[in-house]
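Novice: Before I ask anything, let me first share the structure, which is written out below as structure tokens.
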Amino acid sequence: MQAPLLSVRDLVVTYGRGVTALRSIDLDVAPGEVVTVLGANGAGKSSLLRAVSGSLRSHGGSSSGEITLLGRRIEGTSPERIVAAGIAQVPEGRRVFKDFTVEENLRAGAYLTPRGADRDAAFERVFATFPDLADRRSDHAGLLSGGQQQMLAMGRALMSDPKLLLLDEPSLGLAPRLVGRIGELIRQIRDQGAAVLLIEQNSVMSLAVSDRAYLLENGRVTMQAPAAELADSDEIRERYLPPVESAPRAVGATAPSASESAGVSLSARGVSKNYGGVAALVDVDLDVEAGTIHAIIGPNGAGKSTLVNVLSGVATPDHGSVTLDGRPVTDLPAHRRAQLGMARTFQNLALAEECSVLDNLLVGRHSIWRGGIWSDLLGRRARRQEHEAAVRDVAEAFGLGDRLTTPVSTLAYGDRKRVELARAACARPSLMMLDEPVAGMNHGESSDMRDAILTIHELLRPTIILIEHDMPFVMELAEHITVLDFGRVIATGDPRSVRQDPAVVEAYLGGDAQHATLP
């Protein structure tokens, strides 16, 4: 390998009172090279990027060791000086300025670039790389799809013409077709001369676009090799890559009989919803059978989360109706639907981060806590103890029994996802809506979440509505799938027929992306 552009030596990162996130890390990135860092959530990948980008202190961390860019030491340097030196970062979750236009967001990335010819050249370079942004340069970023927002975040970083681009989970929450597009863009950025240090849970995509790879475990580098060699490793395949074969679930194979099912049926008829004149849902019909696992899939911006918001009472449809076991619930607010047995998780974690796991799970009992939480806290301790006992049983079922007193903020991302799922289960719901439960997880963590969902289904027999982009995960769990595109239903049926539907392949799965995420 040629002389490194970035060199990390003996890097140690700690937080708070001695919590060590990274231990003696050595890592190199050569000019024009894509290097990916694999590892489970909590392994220290984001801490590595924070140390390199100079943002570690703002997250309450400190470091020791040596970080050099083209032989010049940069550890302890301010983030703006590191940008000026040639390193730009695209953070996890995109974090675009939604009330700014596309052009204004890009201009924010060029704050160190002098006005005039240099800045004009930067705009031309970014718009040539991301033609979708050129077409929408005057639109507010909040109106862009998830994929376009990710391109905007990448384009904003590229406005400074960096020597090294730090990418943190660029495919998070994106549809399979867009995951393939992000991979193509990473290659294109490399070919234009910038090196890339990539953190990505989609190991198939990241290893395919990378030259070399490192594996982080418990804050240490345990493997490093050419990316192709690591992809062929049995250990990596088992823990980080989806199986070669993943047959769709046989319809009804594990579904409970009607007498066993505690789940309820749900139907939507002619549901439409507009936001500021933009149609999010158009005349959507949906039928979910009691006790089944029903997936809703589709491209970013197809209307999936809007549909779940309408079904759960968070949003009111402009037209159409929703029924639960034949009972009209269209006009019922979210808390009344919760009392009828609806529970949900969220695409972005919605936990009380500074509270304990136990207190977060107790929130899930609010709809069946008849005396009310505050009255129990004021003296009705016996009722609280009854709810705590129920919560402890659920926590044990999800492998959280030894974490009940732990603050949620200290848990790894995958554990926090399980806390949110367990919180929904604590309400003993008859209908659960799960919005992207494995977003940002690697294959091993997704497998654990699949097992947790199957545990819920076995213990409580609820109806489950699942929104998810991880297609092997969907195919393993779902008995029935509905596909949305531009707010309309374009396909519905069992997993095998939906996967082979030409309209679904064209709108959602794509060609290269399909092979990267499906068996």
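Novice: Taking interchain pairs and intrachain pairs at least six residues apart, which have beta carbon atoms under 6 angstrom, with the first residue in the range 453-464 and outside the structural domain of Lys417 (by TED's automatic domain parsing) and the second assigned to a helix (DSSP H, G or I)?
Specialist: Once the first residue is outside the structural domain of Lys417 (by TED's automatic domain parsing) and sits in the range 453-464, its partners that are assigned to a helix (DSSP H, G or I) give Thr455/Ala397; Ile456/Ala425.
Novice: Also, quick follow-up: Over 23 Å from Ala225 (Cα atoms), buried (at least 23 other Cβ atoms within 10 Å of the Cβ) and either touching a helix residue (DSSP H, G or I) at 6+ places or on another chain (Cβ under 6 Å) or in the same structural domain as Asn202 (by TED's automatic domain parsing) (or both): does that describe Leu56?
Specialist: Judged against the criteria, Leu56 is a match.
Novice: Among the residues of the range 252-283, how many are touching a helix residue (DSSP H, G or I) at 6+ places or on another chain (Cβ under 9 Å), of a type in the set (Val, Ile, Thr) and at pLDDT below 95?
Specialist: Qualifying residue count for the region: 2.
Novice: Right, here's the next one. Would you be able to tell me the number of residues in the range 12-46 that are within 13 Å of Leu197 (Cβ to Cβ) and not β-branched (Val, Ile, Thr)?
Specialist: Of the residues in the range 12-46, 9 are within 13 Å of Leu197 (Cβ to Cβ) and not β-branched (Val, Ile, Thr).
Novice: Same structure, new question: Of the residues Arg249, Arg190, Arg177, Arg212, only one is at pLDDT 90 or above and buried (at least 19 other Cβ atoms within 10 Å of the Cβ); which?
Specialist: Arg212
Novice: Let me ask another. Give the residues of the range 307-319 that are surrounded by 18 or more Cβ atoms within 10 Å (Cβ to Cβ) and in contact with a strand residue (DSSP E or B) (Cβ under 8 Å, 6 or more places away or on another chain), sorted by residue number.
Specialist: Leu307, Val308, Val310, Leu311, Ser312, Gly313, Ala315, Pro317
Novice: Among the numbered criteria (1) of a type in the set (A, V, I, L, M, F, W, C); (2) surrounded by 14 or more Cβ atoms within 10 Å (Cβ to Cβ); (3) at pLDDT 90 or above, which one does Ala128 miss?
Specialist: (2)
Novice: Here's a follow-up. Whether any residue in the range 23-33 is free of Cβ contacts under 8 Å to residues at least 40 places away in the same chain and on the phi < 0 side of the Ramachandran plot is what I want to check.
Specialist: Yes, the range 23-33 contains at least one residue that is free of Cβ contacts under 8 Å to residues at least 40 places away in the same chain and on the phi < 0 side of the Ramachandran plot.
Novice: Take the range 90-112 and flag every residue that is outside any helix (DSSP H, G or I), surrounded by 18 or more Cβ atoms within 10 Å (Cβ to Cβ) and out of contact with any strand residue (DSSP E or B) (no Cβ under 8 Å at 6 or more places or on another chain).
Specialist: Arg94, Val96, Ala110
Novice: For the range 409-519, which fully contained helices (runs of 4 or more DSSP H) count at least 3 residues that are under 19 Å from the mean Cα position of the chain (by Cα) and modelled with pLDDT under 85?
Specialist: Result: 413-426, 443-460, 512-517.
Novice: Collect the residues in the range 125-143 that are more than 16 Å from Leu185 (Cα to Cα) and part of a helix (DSSP H, G or I), keeping them in residue-number order.
Specialist: Asp135, Ala141, Gly142, Leu143
Novice: Report yes if Glu66 is over 21 Å from Phe127 (Cα atoms) and of a type in the set (Asp, Glu), otherwise no.
Specialist: yes
Novice: If the Cβ limit is 6 Å and pairs must be 6+ apart or interchain, which residue in the range 389-402 that is outside the structural domain of Leu459 (by TED's automatic domain parsing) pairs with which residue that is surrounded by fewer than 17 Cβ atoms within 10 Å (Cβ to Cβ)?
Specialist: Here the result reads Ala395/Gly401, each pair linking the range 389-402 to a residue that is surrounded by fewer than 17 Cβ atoms within 10 Å (Cβ to Cβ).
Novice: Output the residues belonging to the range 59-73 that are surrounded by 20 or more Cβ atoms within 10 Å (Cβ to Cβ) and either assigned to a loop (DSSP other than H, G, I, E, B) or basic (Lys, Arg) (or both).
Specialist: If the condition is that a residue be surrounded by 20 or more Cβ atoms within 10 Å (Cβ to Cβ) and either assigned to a loop (DSSP other than H, G, I, E, B) or basic (Lys, Arg) (or both), then no residue fits.
Novice: Among the candidates Arg337, Arg370, Arg392, single out the residue that is surrounded by fewer than 17 Cβ atoms within 10 Å (Cβ to Cβ), modelled with pLDDT of 70 or more and closer than 16 Å to Ala427 by Cα.
Specialist: Of Arg337, Arg370, Arg392, the one residue that is surrounded by fewer than 17 Cβ atoms within 10 Å (Cβ to Cβ), modelled with pLDDT of 70 or more and closer than 16 Å to Ala427 by Cα is Arg392.
Novice: May I pose another question? Among the residues of the range 149-190, count how many are closer than 23 Å to Asp118 by Cα and touching a Phe, Trp or Tyr at 6+ places or on another chain (Cβ under 7 Å).
Specialist: 2
Novice: Taking Glu66 as meeting all but one of (1) in contact with a Pro (Cβ under 9 Å, 6 or more places away or on another chain); (2) in contact (Cβ under 8 Å) with a residue 40 or more places away in the chain; (3) closer than 30 Å to Val19 by Cα, write down the number of the exception.
Specialist: (1)
Novice: Return yes or no: is Leu167 aliphatic (A, V, I, L, M) and surrounded by fewer than 23 Cβ atoms within 10 Å (Cβ to Cβ)?
Specialist: Spelling it out, it is not the case that Leu167 is aliphatic (A, V, I, L, M) and surrounded by fewer than 23 Cβ atoms within 10 Å (Cβ to Cβ).
Novice: Does the range 190-212 hold any residues that are among the aliphatic types (A, V, I, L, M) and more than 19 Å from Ser53 (Cα to Cα), and which are they?
Specialist: Correct list: Val204, Met205, Leu207, Ala208, Val209.
Novice: From the list Ile87, Ile182, exactly one residue is buried (at least 16 other Cβ atoms within 10 Å of the Cβ), under 22 Å from Leu6 (Cα atoms) and either modelled with pLDDT of 90 or more or touching a Ser or Thr at 6+ places or on another chain (Cβ under 6 Å) (or both). Which is it?
Specialist: Going through Ile87, Ile182 in turn, the sole match is Ile87.
The values are calculated or read from the model by the stated rules, or taken from the named source; none is laboratory data. Being a predicted model, the structure only gives us computed values, none of them experimental. Backbone-built Cβ (ideal geometry, glycine too); neighbour counts: all protein chains shown.
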